[in-house]
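Student: The structure that follows is given in the form of structure tokens.
Rule-based calculations on the coordinates, nothing more; no lab input. Please read these numbers as outputs of a predicted model, since none were measured by experiment. When we count neighbours, we look across all protein chains shown, and the Cβ atoms used for this are built from the backbone with ideal geometry, even at glycine.
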Amino acid sequence: MATAGKILLTVMLTAALAAGALHLPPLNLVPLNLSPPVAHAATDRVQLAFAGDVLLGSRVGKLMDERGPDWPWAQVAPVLKAADLAVCNLECAVGTSGQPQAGKQWTFRAKPAALGGLVRAGIDVVGLANNHVLDYGTSCLLETLDNLDRSGATHLGAGRNQQEASSPRIIEINGLKIGLLASSLLVPTLPGGKGTWAATDNKPGIFSGHDHQRLLQSVHALSSRADWTVLFLHWGEERAEYPQKWQQNLASQLLEAGADLVIGHHSHVWQGIDRREKTLVAYSLGNFVFTTRPEYPQQQQTGILLVTLSKRNIEEVRVVPAQVFWGQTVLLKGTPAEEVLTRVDRLSARFGTYVTPEGLVEREPFLDTRSHWACPVLRQAAKCQLVQGCQDGTFCPQDPTTYAHLVTMLVRALKLPVSPASSGSHWAAPYLQAAVEAGLWPADQVSTFPADEPVPRWQAACLLDRTFSLDAPAPAVPLYIDLDAAPSSSLISILRVSQAGIMQGYPGGRFQPLANMTRAEAVVTVLRLLQKREATAPATP
Ligand SMILES: [Zn+2]
């Protein structure tokens, strides 16, 4: 059969050369969906929606005078309402009393009717720990608290005294206790040397985070009472793309103290997200409902951060891209949506986090694959636990794959039963045993299994062919000009895996049969094989 295969190839190669048909298709990595989608409706899960800075005064207030208090929220309301709990930072006083604080550049106050629009849009909780809630003085802060109490929205981070300003809220949803706390690292001073906006035992104000120890203690205390501890933090530098070092240090301390989610704002622009298995830091969500400054288009880029929690895990994190557009926040599609997601992806890279084109926020599995051509496939393979990286967090995608690695991946991909290793043997021995039992590796060649040797591409073709039990090739197949170097016994396998689209050649019509298969190529071929199997598997009734 091997000789027949070689003759067939030669005949076809000659025909193809004559027709000038040696152009190989580019690598076409079809996205696979191997992990089941998160079921949002599950009753043991809670979806939280976070939005950044909300300003209902100034020009937005004037627009609401004309168009009504629901106007800013009309497009985003369905997303906020669909979440179990929606939280934003309310960056203004809400009332009719008080005077703008003397000497303060920007002072914001919204009319009480504005809160109707916010509540009807689905916002359940507002953070008030920021540098604008006291713009119209203490009387208007007290009025703001009363107006919020009447509106039905829960508020955090400001109060009639320090105790109230630093009080957390614990909201139980679907059996999960969500603990919320808000604090500001921006604490304006009062004119005339009369202190700051920080609440004290007998003075209304905001929960200042300047005393890190007190903030850490509050977080720690809350974490012992809640399943999930969420800190809403107003901090950082305006229009800065990246958080400062002290913010990153403080974030680490807050996580250590018991915070699970740290959600930041104030910079007016998106900053990166640091997603870990059980924690999340979003350094800044940017503006959400705000005045438009055409000279800073990035301040208009915004979104809603959806975080789905179960009792134990952060099940899903997703960015819903949006844009502030003249007083209304609109949901984005197409290129503008891509621009927001690409931006958050880029800003999150230094935190080992990536954002997919669909807006999913994920942990980068390896330190050295982000700019590799196979990156999306490697992320997918890591997610479905097909591959693990090295102990130092790298994957070394250009290194040769070994027989042990390839066989292990095939056994995992086929979900073959694996028995525990006997001590002292090679780490891949249980996988080899499973491969032998499934007929992927000859039983009489176990003792000569070259575990740690690189796999040449012709050998990989044979192994993949055997694994998949590919059909005999039809005439229209990819051809290569360099197969003379391949053992004749492998030609039919090379033909089959190529025809099935599992292995591909290189530009110039070369297969490079003697080249070692790289670790990245091995992952791509195994995932293609899996995809092929799924496509041809009989439909389950
Ligand atoms: Zn601010």
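Student: Using θ = phi - 60° and the Karplus curve 6.51 cos²θ - 1.76 cosθ + 1.60, what whole-Hz ³J(HN,Hα) does each residue of segment 503-519 get, with Gly and Pro shown as x?
Tutor: 10, 10, x, 10, x, x, x, 9, 9, 6, x, 8, 5, 6, 6, 7, 5
Student: So, one more: In whole Å, what three semi-axes, largest first, describe the equivalent ellipsoid of segment 372-456 built from its Cα gyration tensor (square root of 5 times each eigenvalue)?
Tutor: So the equivalent ellipsoid measures 23, 14, 13 Å along its semi-axes.
Student: Mean residue ellipticity at 222 nm from the helices of the chain, using -39,500 (n - 2.57) per DSSP H segment of n ≥ 4 over the full residue count, to the nearest 500 deg cm²/dmol?
Tutor: Theoretical 222 nm ellipticity from helices: -9500 deg cm²/dmol.
Student: Hey, another quick one. At a 10 Å Cβ-Cβ cut-off, how would you order Val54, Val79, fewest neighbours first?
Tutor: With the sparsest Cβ surroundings first, the list reads Val79, Val54.
Student: Assign unit charges at the C-beta atoms only (+1 for Lys and Arg, -1 for Asp and Glu), then state the dipole size of segment 46-363 relative to its Cα centre in Debye, rounded to the nearest 20.
Tutor: It works out to roughly 200 debye.
Student: Among Tyr242, Tyr431, Tyr403, Tyr283, rank each residue by its count of other Cβ atoms within 10 Å, from fewest to most, as a rough exposure measure.
Tutor: If I rank by nearby Cβ atoms, fewest first, I get Tyr242, Tyr403, Tyr431, Tyr283.
Student: While we're on this one: Evaluated at 4 °C with a viscosity of 1.567 mPa s, what Stokes-Einstein diffusion coefficient in µm²/s does segment 240-367 have when Rh comes from the Kirkwood expression over alpha-carbon pairs?
Tutor: Rounded to a whole number, D works out at 87 µm²/s.
Student: Sticking with this one: With Rg and the Kirkwood Rh both taken from Cα atoms, where does Rg over Rh land for segment 180-328?
Tutor: Using only Cα positions, Rg/Rh for segment 180-328 is 0.99.
Student: Counting GluC sites (Glu not before Pro) as exposed when in a DSSP loop with at most 16 other beta carbons within 10 Å, what is the longest stretch of the chain free of them?
Tutor: The segment 1-236 is the longest one with no such site.
Student: Same structure, new question: Listing Ser97, Ser267 from the residue with the fewest other Cβ atoms within 10 Å to the one with the most, what is the order?
Tutor: Ser97, Ser267
Student: At 0.36 nm per residue, minus the direct Cα-Cα distance, what do Gln217 and Gln385 gain on full extension? Give it in nm, one decimal, please.
Tutor: Full extension from Gln217 to Gln385 adds 56.7 nm.
Student: Right, next: Got a sec to turn the phi values of segment 348-357 into Karplus ³J(HN,Hα) couplings, 6.51 cos²θ - 1.76 cosθ + 1.60 with θ = phi - 60°, whole Hz, x for Gly and Pro?
Tutor: So the J values, rounded to whole Hz, are 8, 4, 6, 9, x, 10, 10, 10, 7, x.
Student: Taking every pair of Cα atoms in segment 46-363, average 1/r, invert it to obtain the Kirkwood radius, and report Rg/Rh to two decimals.
Tutor: On the Cα set of segment 46-363, Rg over Rh gives 0.93.
Student: Now, a different point. Please compute the modelled spin-label separation between Asn161 and Trp246, points set 7 Å along Cα→Cβ, answer in nm with one decimal.
Tutor: 3.0 nm
Student: What nm distance separates the two modelled labels at Lys311 and Ala438, each placed 7 Å from Cα along Cα→Cβ?
Tutor: 3.3 nm
Student: Separate question: With a cap of 15 neighbouring Cβ atoms within 10 Å, and only residues DSSP puts in a loop, list the trypsin sites (Lys or Arg not before Pro) found in segment 304-382.
Tutor: Lys311, Arg312, Lys333, Arg370
Student: Taking a threshold of 20 Å on the Cα-Cα distance, which of the pairs Lys62/Lys111; Lys415/Lys532; Lys333/Lys532; Lys177/Lys278; Lys111/Lys194; Lys104/Lys245 fall above it?
Tutor: Going by Cα-Cα distance, Lys333/Lys532; Lys111/Lys194; Lys104/Lys245 fall outside the 20 Å limit.
Student: Using the 2.2 N^0.38 Å rule of thumb for compact globular proteins, work out how segment 114-192 stacks up: its C-alpha Rg over that value, please.
Tutor: Working it through for segment 114-192, the quotient is 1.17.
Student: Give me the compactness ratio for segment 39-142, meaning the Cα radius of gyration over 2.2 N^0.38 Å.
Tutor: Compactness ratio reported: 1.17.
Student: Using a simple spin-label model with points 7 Å from Cα along the Cα→Cβ vector, what separation in nm is obtained for Asp482 and Ala102?
Tutor: Spacing of the two 7 Å Cα→Cβ label points: 8.1 nm.
Student: Something else about it: Translational diffusion coefficient, Stokes-Einstein: compute it for the chain using the Kirkwood radius over C-alpha pairs as Rh, at 37 °C and 0.692 mPa s, and state it as an integer in µm² s⁻¹.
Tutor: After rounding, the answer is 124 µm²/s.
Student: Determine the gain in length on full extension of the stretch Arg346-His372; use 0.36 nm per residue of separation and subtract their C-alpha separation, reporting nm with one decimal.
Tutor: 7.9 nm
Student: Here's something else I'd like to know. Once you have the Cα-Cα distance between Glu358 and Ser425, take 0.36 nm times their residue separation minus that, and quote the gain in nm to one decimal.
Tutor: Residue separation times 0.36 nm, minus the Cα-Cα distance, leaves 19.8 nm.
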